[in-house]
Structure formats: structure tokens, C-alpha cells
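As C-alpha cells, the structure follows; a few thoughts come after it.
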Amino acid sequence: MSLEAFSQGWAEAWASELNGSEAYRTTAERWEGAVALVLEDSDPAARRAVFLDLWHGRCRSARTADPDGLDEAAYVFAGDLAAWKQVLGTGGSPVLALMTGSIRLAKGSLSSLLPYASAAKQLLELAGRVPTRFSEG
């Protein structure tokens, strides 16, 4: 059964993938702080976000969030529907998406993320393992 992207159930399934991954736990053992993903849309009512509280290779909580209220997140990754479909739905490379700008780092600095590059890659790859469906509007 697939879950609606950026829904509460999807966020919880992603947290479960993270907490079940030895590879993520190892690469993120020094990571402290929260991360958010934002689905951007020209219609403000269609914008969605998920927020993850990450701590030393574990996801302590995952929830939906107001895309405009992500002050607690150290890093915010944002993209439109096509970009997230590519990364989450078809297994596209999260690194390539960041390098080409289809997914952007909307909050946080790339230089402070670099020590956690492997963990960030695992983070997005594990999100892609959640059976996901996308609403078209």
C-alpha cells in the first residue's frame, strides 16, 4: 500500500526506514538536529512539508509541518512535485537533484552539511524506499 507523499503516515514510515537502517545509523552517528522536506507549489494551499527530529543516527520523531514554520529545522530541502517524484518516486539520485538545483537547500549551509553528506544521501534514499503516491493537485 502506498502512502501519500508528505502525509503523516508517510513521515512515520520514513522514520521507520531510518531507524531500521544500520547504514543510516552509522553515517549519521554525529548528526544532531532537525531536517525538513518541503513540497513547493504555486498554490499555497497545496504546499506541504515533513519535519524529522534527528539525533545521532536515530529519528526521534517525524511529523507533517507548516511549510512556513520550519524555524527549528537546521536543514530544509525544497522542490516542486516533479523534483520530488524524481527523487522519491523513481529512485533518482538525491545528490544529482541537489547539484542540478531541482531540489535545493532552502535553509542551512552546504558547507555545514558537507560533513554529513553520506548521512544526507542515506536520508533521502531511505525516503525513496517508502511506497509513495503523489497527488497532482
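The values are calculated or read from the model by the stated rules, or taken from the named source; none is laboratory data. This is a predicted model, so every value here is computed, not measured. When we count neighbours, we look across all protein chains shown, and the Cβ atoms used for this are built from the backbone with ideal geometry, even at glycine.
With a requirement of 1 or more residues that are modelled with pLDDT of 90 or more, among the basic types (Lys, Arg) and within 16 Å of GLU125 (Cα to Cα), the helices (runs of 4 or more DSSP H) lying completely within region 1-114 that satisfy it span 22-27. Has region 75-87 got any residue that is more than 22 Å from PRO131 (Cβ to Cβ) and either of a type in the set (Val, Ile, Thr) or touching a helix residue (DSSP H, G or I) at 6+ places or on another chain (Cβ under 9 Å) (or both)? Checked region 75-87: at least one residue is more than 22 Å from PRO131 (Cβ to Cβ) and either of a type in the set (Val, Ile, Thr) or touching a helix residue (DSSP H, G or I) at 6+ places or on another chain (Cβ under 9 Å) (or both). Looking only at region 34-58, filter to residues that are of a type outside the set (A, V, I, L, M) and under 20 Å from LEU113 (Cβ atoms); which one of those is farthest from the chain's Cα centre (by Cα)? In this case the residue turns out to be HIS56.
Matching residues to (1) within 19 Å of ASN19 (Cβ to Cβ); (2) within 12 Å of the chain's Cα centre (by Cα); (3) surrounded by 13 or more Cβ atoms within 10 Å (Cβ to Cβ):
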site	(1), (2), (3)
PRO67	no, no, yes
LEU70	no, no, yes
VAL76	no, yes, yes
LEU123	yes, yes, yes
VAL130	yes, yes, yes
SER135	no, no, no
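When TYR24 is tested against the conditions (1) touching an Asp or Glu at 6+ places or on another chain (Cβ under 9 Å); (2) hydroxyl-bearing (Ser, Thr, Tyr); (3) under 25 Å from SER135 (Cα atoms), the lone failure is (3). Can you pull out the residues in region 1-54 that are surrounded by fewer than 16 Cβ atoms within 10 Å (Cβ to Cβ) and without any contact (Cβ under 8 Å) to a residue 24 or more places away in the chain? If the condition is that a residue be surrounded by fewer than 16 Cβ atoms within 10 Å (Cβ to Cβ) and without any contact (Cβ under 8 Å) to a residue 24 or more places away in the chain, then GLY9, SER16, GLY20, GLU22, SER42, PRO44, ALA45 are the ones that fit. When you look at VAL95, is it in contact (Cβ under 8 Å) with a residue 12 or more places away in the chain and touching a strand residue (DSSP E or B) at 6+ places or on another chain (Cβ under 9 Å), yes or no? No; evaluated as a whole, the condition is false for this residue.
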